[in-house]
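Colleague: Quick one: the structure is below, and I'll ask about it shortly.
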Amino acid sequence: MPAPHRLPWPTEADVLPVEPLRPVLERLASLALRHGDDVVLLPALVDDEGEADEAADPPPALEQVLEEFGGIELRGRVRLDLLVDERTELGPYTLLGDATTYYPLYEGSDVAVVLTIAGDGTPGAVYGIGEDLSLTLAARDLGAFLERWADALTASLDELDAEVERRADASEADRAEAAEELMEAHLLRTVLGTLPERVSVPVVPVAPGSVPEGLPAGTIAVADLRDAPLDATVDVMDAELPGDPLDHHLAWAHGGQVVAVVEED
């Protein structure tokens, strides 16, 4: 039974089927089972009694997946949370559009990872947002991002004991810190755009009156990542565009792989 919606989520999109994602969801569940002292599965949208989490407000297209998987947490430090119950437009979300155009998956200190949501409610590409508000293409869809997360979590857990042993008189807090550092090394630093060696996708101005098809009116520039490699980065704040970048917002097209800079009304 789906949770009641408070945001005006678009509802035209087909529900994302859980079956293709089940292998990675089972893989994450297995990691939690085998590493119970370090990894915890977060509650799903619907509990064992069939009751929905009334605090959650996910996009309708995700409900089938979220009825089985709510997220996973490593040592209380690194939390992939697919059922956020509080939303903000500040910090890393400053340049993004309406709250119904994206869905947070991971939040850190002034950084985030978001799933793009199309105008009809279809989930699209996943981006990391750095402290400088740059976007990094983390995955082309939710399933691919879950695979990347599972890969990074597996590698971190495989190395965690050895990393802790290198620290003299390591405490539980030291183990948590080591786990966080390993996840940063295996994934988060890359998708949050903090590595210097990354492909930069230009933000190309659009001539007045020639907005590409499928993009909203008011689009003044476009960054096209359809042919870009994963972890390519778009830096809107440094783009040579008229006006204050904070007076613009971002919109998505082509499954979230084309980023539009839209002038505020």
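The values are calculated or read from the model by the stated rules, or taken from the named source; none is laboratory data. Since the model is a prediction, treat every value here as computed from it, not as a measurement. Ideal geometry is used to build each Cβ from the backbone, glycine not excepted, and the neighbour counts take in all protein chains shown. Side chains are part of the model used for accessible areas, which takes the heavy atoms of the whole protein and leaves out ligands, DNA and RNA. Shrake-Rupley method; radii C 1.70, N 1.55, O 1.52, S 1.80 Å.
Colleague: It is to be established whether one or more residues within segment 57-67 are within 15 Å of the chain's Cα centre (by Cα), in a loop (DSSP other than H, G, I, E, B) and closer than 20 Å to LEU188 by Cα.
Modeller: For segment 57-67, residues within 15 Å of the chain's Cα centre (by Cα), in a loop (DSSP other than H, G, I, E, B) and closer than 20 Å to LEU188 by Cα: absent.
Colleague: Which of the residues spanning segment 35-53 are closer than 23 Å to ARG75 by Cβ, in contact (Cβ under 8 Å) with a residue 40 or more places away in the chain and either under 19 Å from the mean Cα position of the chain (by Cα) or assigned to a helix (DSSP H, G or I) (or both)?
Modeller: Residues of segment 35-53 closer than 23 Å to ARG75 by Cβ: 35-44.
Among the residues that remain, those that are also in contact (Cβ under 8 Å) with a residue 40 or more places away in the chain are: 35, 38-39, 42-43.
Hits for segment 35-53 are LEU42, PRO43.
Colleague: Out of the residues in segment 105-129 that are of a type in the set (S, T, N, Q) and closer than 21 Å to GLY214 by Cα, which is surrounded by the fewest Cβ atoms within 10 Å (Cβ to Cβ)?
Modeller: If we take residues in segment 105-129 being of a type in the set (S, T, N, Q) and closer than 21 Å to GLY214 by Cα, then THR122 is surrounded by the fewest Cβ atoms within 10 Å (Cβ to Cβ).
Colleague: From the residues in segment 17-34 that are within 22 Å of the chain's Cα centre (by Cα) and open to solvent by 50 Å² or more (accessible area, probe 1.4 Å), which one is nearest to ALA118 (Cα to Cα)?
Modeller: PRO17
Colleague: Within segment 94-104, track down each residue that is among the hydroxyl-bearing types (Ser, Thr, Tyr) and open to solvent by 10 Å² or more (accessible area, probe 1.4 Å).
Modeller: Within segment 94-104, THR94, THR100, THR101 qualify.
Colleague: Please specify each residue of segment 130-145 satisfying the condition of being open to solvent by less than 10 Å² (accessible area, probe 1.4 Å) and free of Cβ contacts under 8 Å to residues at least 60 places away in the same chain.
Modeller: Across segment 130-145, the qualifying residue is only PHE145.
Colleague: Among the residues of segment 46-104, write down those that are within 26 Å of ALA29 (Cα to Cα) and in contact with a Lys or Arg (Cβ under 6 Å, 6 or more places away or on another chain). First the steps, then the outcome.
Modeller: Within segment 46-104, the subset within 26 Å of ALA29 (Cα to Cα) is 46-86, 102-104.
Residues satisfying the conditions are ASP57, GLU73.
Colleague: Every residue in segment 146-159 that is surrounded by fewer than 18 Cβ atoms within 10 Å (Cβ to Cβ), in contact (Cβ under 8 Å) with a residue 60 or more places away in the chain and over 15 Å from LEU21 (Cα atoms), please. Walk me through it before giving the result.
Modeller: Restricting attention to segment 146-159, the residues satisfying the condition of being surrounded by fewer than 18 Cβ atoms within 10 Å (Cβ to Cβ) are 147, 151, 154-155, 158-159.
Next, from what is left, pick out any that are in contact (Cβ under 8 Å) with a residue 60 or more places away in the chain: 147, 154.
Once the filter is applied, which keeps residues that are surrounded by fewer than 18 Cβ atoms within 10 Å (Cβ to Cβ), in contact (Cβ under 8 Å) with a residue 60 or more places away in the chain and over 15 Å from LEU21 (Cα atoms), segment 146-159 yields only THR154.
Colleague: Residue by residue through segment 168-214, note down the ones that are under 17 Å from THR154 (Cβ atoms) and of a type in the set (A, V, I, L, M, F, W, C).
Modeller: ALA178, ALA179, LEU182, MET183, ALA185, LEU187, LEU188, VAL191, listed by residue number.
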